[in-house]
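See structure below.
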Amino acid sequence: MKKIQIIFLAGLLLIVASSCEKFDELNTNPNVPTSVSSDMLATTVLKGTYRFWNPNSTDWATAQLQGKHCTNLQNVANPYQYYSSYYPYGGFGGAQNLTLLNRMVDFAAGNPALPSYEGLRLFLKASYGIGVATDMGDAPYSEAGMAEQGITQPKYDKAADIIVAALNDLKAAEAKFAQGKNFSGDIMSYAGNATKWRRLCNAVQLRTLNTISKKITPEQKARFAEIVAAGNLLSGNADVFQLPYLENANATYPFYGGEGTRQNLAMSKLMVDFLKSVNDRRLFYFGEPAPYKIAAGFLENDYAAYEGAPSELSPSSLELNKLSGKYSLINKRYASSASRIGDPFLFFSYAEQCFIIAEAAEEGWIPGGAATAKTYYENGVKGQLSYFKDLSTVIQSNLHGMPITQSYIDNYFTGEAAYKMSGTKEDRLKQIWMQRYFIDFFQGGGMSYRTYLRTGYPVFPINPATSLNSGAPNMAPKRNMYPTDELTKNPENYKKAVQEQYGGFDDVNKTPWWLQ
């Protein structure tokens with residue numbers, strides 16, 4: 001394996017050789033690596049890509065507000081709850097990783113795992129491209145990360161072209177991982193398993209095509225069907241892509257020790273009402289009973305003891321209601337200080353893959369219609385319920401006597417939870433989207449918000465009187481603006497992109513290509 005050797009220079013050139021030797025012995029820090037390798041760079045980039053941006057309980061709680069899973073109860077308006085943001089800008093930081101990924105591959109020359117490092121580079125580049133195209137719009141992709149080649153002001157590719165290129169990169173990555181060479185340096189749940197990474201490459205292609213459903217071409221629908229038919233996809237919860245936390249202080253669950261934050265964070269009314277409508281026991285994993293319900297005689301294992309907080313209410317009203325014990329705070333288990341290892345940071349679940357395919361069946365992208373959709377819907381629900389049943393970080397004493405058991409899973413599909421074969425396609429799609437919405441509770445990935453922007457479901461409550469989206473108080477923002485430093489770093493390409501897409505006005509309420 002090739003390595004870059006870091007040479008430490010002594011400042012005094014006239015010191016005798018023996019003195020230099022002694023100086024090196026005394027001043028080399030054994031805790032600081034003196035070389036860089038492919039596995040180290042893989043770890044660095046994966047950590048930078050998937051670690052929550054600021055791992056503390058306050059920011060983790062804020063990340064739960066935009067998707068309306070939770071409601072902040074403090075008498076201070078959090079912008080994310082009211083359709084605004086502390087920082088409404090995207091970023092091109094992922095492009096900076098491309099240079100590191102190139103070095104990762106360079107250093108892997110002669111390593112049997114070289115194909116997988118090449119696959120990882122392609123996968124992470126594609127992930128960057130899909131992210132910026134759906135977050136902001138047109139962006140650097142074909143020339144991104146090419147400063148070493150002298151391109152310091154990369155052109156902005158069209159969002160549609162980025163998606164096409166990213167899909168091709170994911171296909172190429174899948175072929176690299178298909179060679180079956182496991183690799184080192186993977187901090188994610190796959191631990192360098194090339195077979196699992198191959199499946200993920202295909203699953204992400206399905207998610208991307210699902211995300212651009214408003215703009216998808218017949219050829220892309222055919223590609224979706226081909227991937228499903230080939231079958232190299234997540235096979236179950238063993239293939240869930242997630243970041244596990246450790247007892248290490250540098251890899252701790254972001255909400256660890258967050259009891260003070262928990263006291264001001266409730267489940268949203270939207271989330272609680274959805275869970276209650278299908279008698280879903282995840283309610284007891286996610287929340288605590290409302291104190292005023294317990295005082296009225298309800299038991300903690302009664303669905304009726306749980307009440308969500310309407311996210312559109314004013315901060316003062318929410319705080320007053322909290323003081324009256326009217327809301328279900330998030331479950332105490334999330335803020336436990338007993339262990340730094342909380343629930344993993346979930347990026348792609350087997351259940352989400354099932355729901356994506358179920359939607360495709362309803363839309364006619366794959367054969368089988370509603371019957372096939374029903375199978376995938378039920379497999380997705382069972383998969384996610386089993387995920388919680390088997391989750392090792394769950395504290396049983398915090399489940400209010402309502403654990404998810406295999407018997408409960410087997411009998412889940414009754415009433416509103418039963419797939420509505422006799423209903424309309426829209427009825428069934430709403431069932432799929434609702435279950436997909438459940439996956440993102442107390443996670444930080446943001447896919448629920450994109451699904452809402454694409455489908456309009458779940459219907460997010462918007463009150464113009466409390467909305468902080470001053471430019472359009474009756475709607476939710478559709479995109480992030482470009483990073484402010486583009487005006488100085490890449491002004492001509494930035495201005496051209498904003499003019500062509502948004503009439504020269506870089507604004508959060510402009511409609512990006514994939515939502516048009």
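Name the single residue, out of those in the stretch 356-408 being of a type in the set (K, R) and free of Cβ contacts under 8 Å to residues at least 40 places away in the same chain, that is farthest from I341 (Cα to Cα). Taking the candidates together, the pick is K382. Restricting attention to the stretch 208-222, the residues that are in a helix (DSSP H, G or I) and either surrounded by 18 or more Cβ atoms within 10 Å (Cβ to Cβ) or under 23 Å from the mean Cα position of the chain (by Cα) (or both) add up to 5. Return yes when F255 is without any contact (Cβ under 8 Å) to a residue 12 or more places away in the chain and either of a type in the set (A, V, I, L, M) or touching a helix residue (DSSP H, G or I) at 6+ places or on another chain (Cβ under 7 Å) (or both) and no when it is not. Against the criterion (without any contact (Cβ under 8 Å) to a residue 12 or more places away in the chain and either of a type in the set (A, V, I, L, M) or touching a helix residue (DSSP H, G or I) at 6+ places or on another chain (Cβ under 7 Å) (or both)), F255 does not qualify.
The listed residues are V240, V278, V272, and the only one of them that is in contact with an Asp or Glu (Cβ under 7 Å, 6 or more places away or on another chain) and surrounded by 22 or more Cβ atoms within 10 Å (Cβ to Cβ) turns out to be V272.
In the stretch 104-126, the residue that is farthest from E486 (Cα to Cα) out of those that are among the charged types (D, E, K, R) and crowded, with 19+ Cβ neighbours inside 10 Å is E118.
The set of residues in the stretch 298-331 being among the hydroxyl-bearing types (S, T, Y), assigned to a loop (DSSP other than H, G, I, E, B), without any contact (Cβ under 8 Å) to a residue 40 or more places away in the chain and surrounded by 15 or more Cβ atoms within 10 Å (Cβ to Cβ) consists of Y306 alone.
Any residue at all in the stretch 392-414 that is touching a helix residue (DSSP H, G or I) at 6+ places or on another chain (Cβ under 9 Å), more than 26 Å from N331 (Cα to Cα), in a helix (DSSP H, G or I) and hydroxyl-bearing (S, T, Y)? No, that holds for no residue. When you look at A77, is it within 15 Å of S467 (Cβ to Cβ), among the aliphatic types (A, V, I, L, M) and touching a helix residue (DSSP H, G or I) at 6+ places or on another chain (Cβ under 8 Å), yes or no? For A77, the condition - within 15 Å of S467 (Cβ to Cβ), among the aliphatic types (A, V, I, L, M) and touching a helix residue (DSSP H, G or I) at 6+ places or on another chain (Cβ under 8 Å) - is met. For the stretch 172-185, the criterion of being in a loop (DSSP other than H, G, I, E, B) and either among the aromatic types (F, W, Y) or closer than 22 Å to F355 by Cβ (or both) is met by at least one residue. Just to be sure before I move on: is V394 surrounded by 15 or more Cβ atoms within 10 Å (Cβ to Cβ), more than 21 Å from D427 (Cβ to Cβ), assigned by TED's automatic domain parsing to the domain that holds L246 and of a type in the set (V, I, T) in the structure I sent? For V394, the condition - surrounded by 15 or more Cβ atoms within 10 Å (Cβ to Cβ), more than 21 Å from D427 (Cβ to Cβ), assigned by TED's automatic domain parsing to the domain that holds L246 and of a type in the set (V, I, T) - is met. Here Y292 meets each of (1) in a loop (DSSP other than H, G, I, E, B); (2) of a type in the set (S, T, Y); (3) touching a Ser or Thr at 6+ places or on another chain (Cβ under 8 Å) with one exception, condition (1).
Residues that are touching a Phe, Trp or Tyr at 6+ places or on another chain (Cβ under 9 Å) and under 17 Å from M271 (Cβ atoms) were ranked within the stretch 413-431; the one that is surrounded by the fewest Cβ atoms within 10 Å (Cβ to Cβ) is K430.
Do we find a residue being surrounded by fewer than 22 Cβ atoms within 10 Å (Cβ to Cβ), among the hydrophobic types (A, V, I, L, M, F, W, C), assigned to a helix (DSSP H, G or I) and on the phi < 0 side of the Ramachandran plot anywhere in the stretch 70-93? Among the residues of the stretch 70-93, not one is surrounded by fewer than 22 Cβ atoms within 10 Å (Cβ to Cβ), among the hydrophobic types (A, V, I, L, M, F, W, C), assigned to a helix (DSSP H, G or I) and on the phi < 0 side of the Ramachandran plot, which makes the answer no. Taking the listed residues L101, L122, the one that is modelled with pLDDT of 95 or more, part of a helix (DSSP H, G or I) and in contact with an Asp or Glu (Cβ under 7 Å, 6 or more places away or on another chain) is L122, with no other qualifying. Out of all the residues in the stretch 216-228, which are without any contact (Cβ under 8 Å) to a residue 12 or more places away in the chain and within 11 Å of N202 (Cβ to Cβ)? Within the stretch 216-228, E226 is the sole residue that qualifies.
Here is a yes/no grid of residues against (1) among the hydrophobic types (A, V, I, L, M, F, W, C); (2) more than 22 Å from G67 (Cβ to Cβ); (3) outside the structural domain of R340 (by TED's automatic domain parsing):
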residue	(1), (2), (3)
E259	no, yes, no
L265	yes, no, no
S277	no, no, no
G287	no, no, no
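The values are calculated or read from the model by the stated rules, or taken from the named source; none is laboratory data. The shown structure was predicted, so the numbers you read here are calculated from the model rather than taken from an experiment. Please note: Cβ atoms are built from the backbone with ideal geometry, for glycine as well, and neighbour counts cover all protein chains shown.
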